[in-house]
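To start, the structure itself, in C-alpha cells.
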Amino acid sequence: MVDQALLLEKITRALTGTKDVRDLSRKAVRLMVKEFGGEDLIGVGVFRIHPDERRLYAYAYEGKHTDTEGGKRTPSFDKDNLNVPISEKTNYVVRTIDTGRIQQSENLANFTAGVINKNDASIIQEQLGAKLCISLPIFTKSGKAVGATLYLLSVKKIDPNRLNLLQTFADQLGLAFSNTMAYERLMDNYRRDLAKLTSREEDQDIPSLKFTLRITPRQNTTLEKLSKQQNRTKAEILRDLIDKKDLHRTK
C-alpha cells in the first residue's frame, strides 16, 4: 500500500513553484503514473473548466502504455484540443464537476461523451486494457470544483485504500491549482493595469490643445525650409522642438 504521507510530500515537492495550470497538470499525472501507478493504474488525466468559454478542457494525460494491439485501428483525434461544453451532462467528467461527486463506470465512452464517439472510445479502452474508469472532482481552497482527475484501471473493482490514494492526489492537486490560478489572476490584473497605463500615456501624446503662435517672417521662412527638407508639417517640427526642450530640462 502506498504511503499517503509520502504521496503528499512528493506531489508538493514536484508542483511547488509551477505557475501554469497546464504545466502543473502534466507534471502531476506524470508523477502519479511513475511513482504510484502499480499494476492496476493504467493512466491518469486532468481536466479544467474554462468559465469564460463554458467548456471543459483536457489538460494532461499520462499512461503506462498506449501501444496498439493486434494491428487494430487507432482512432484519430486532436489529443491537445479535447474539450466539451459544460452543458454536456451525459459526460461523466462534466457530471463529476457539476455534482462535486465521484463518478465511475466500466465504459470509457461515458467519460468521452461529446468529445470522442462511442466506437472510438471502445477501441481505445480495449487497446489500453481498461476495465474501470473513475473521475474525482478537483476542489480549490474555496471549495469550488474547477476540474477533475480521471483514472483508468485494469480492475473492475477498486480497493478502498486505492480509492483513498486517488482522493489524496485530487485533494493535493486542488491546493496546487488554487495557488497557480491565484498567480494567473494576479498576472491578468497586472496586464490589464499595464494596458490601461500604456493607453493613458498614448492618449497624452495626442495633441488636444490649440493656440496661436506669432512668429516673424524670417522664422516662418526657416520653418518652411525645414518642412520641405524633412517632409513634415511646420506644426510637427515645432512639437518636436518642444519635446526636446522638455527632455533636456528633466535631465
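Just so you know, all these numbers are worked out from the coordinates, no wet-lab data involved. On a predicted model such as this, the values are computed, not experimentally measured, just so you know. Methodologically, a virtual Cβ is constructed for each residue, glycine included, from the backbone with ideal geometry; neighbour enumeration extends over all protein chains shown.
Would you work out the charge dipole size for the stretch 4-188 about its Cα centre, treating the Cβ of every Lys and Arg as +1 and the Cβ of every Asp and Glu as -1, and quote it to the nearest 20 debye? All intermediate terms of the calculation are to be shown ahead of the outcome.
Details: 26 positive and 22 negative charges, 49 e Å.
So the dipole magnitude of the stretch 4-188 works out to roughly 240 debye.
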Query raised in the report: Across the stretch 135-145, in residue order, what do the Karplus-derived ³J(HN,Hα) couplings come to in whole Hz, using 6.51 cos²θ - 1.76 cosθ + 1.60 with θ = phi - 60° and x for Gly and Pro?
Result: 10, 10, x, 9, 9, 7, 4, 7, x, 8, 7
Query - J(HN,Hα) series, the stretch 172-181, from Karplus relation 6.51 cos²θ - 1.76 cosθ + 1.60, nearest Hz, glycine and proline x - result: 5, 5, x, 5, 5, 4, 4, 5, 5, 5
Query raised in the report: Can you list the residues, at least 5 places off or on another chain, whose amide H is less than 5 Å from the amide H of Ile138, using H built in the peptide plane?
Result: Val146, Gly147, Ala148, Thr149
Report task. Using amide H atoms built 1.01 Å from N in the peptide plane, name the residues 5+ places from Leu132, or on other chains, whose amide H lies under 5 Å from its own. Result -> Leu153, Val155
Query raised in the report: Between the DSSP loop rule and a limit of at most 16 other Cβ atoms within 10 Å, which GluC sites (Glu not before Pro) in the stretch 100-191 are left?
Result: Glu106
Query - Positive-end residue, the stretch 4-188 charge dipole about Cα centroid, Cβ charges, pick of Tyr92, Asn107, Leu153 - result: Tyr92
Query raised in the report: Using the Kirkwood formula over every pair of different C-alpha atoms, what hydrodynamic radius in Å results for the stretch 4-188?
Result: 16.6 Å
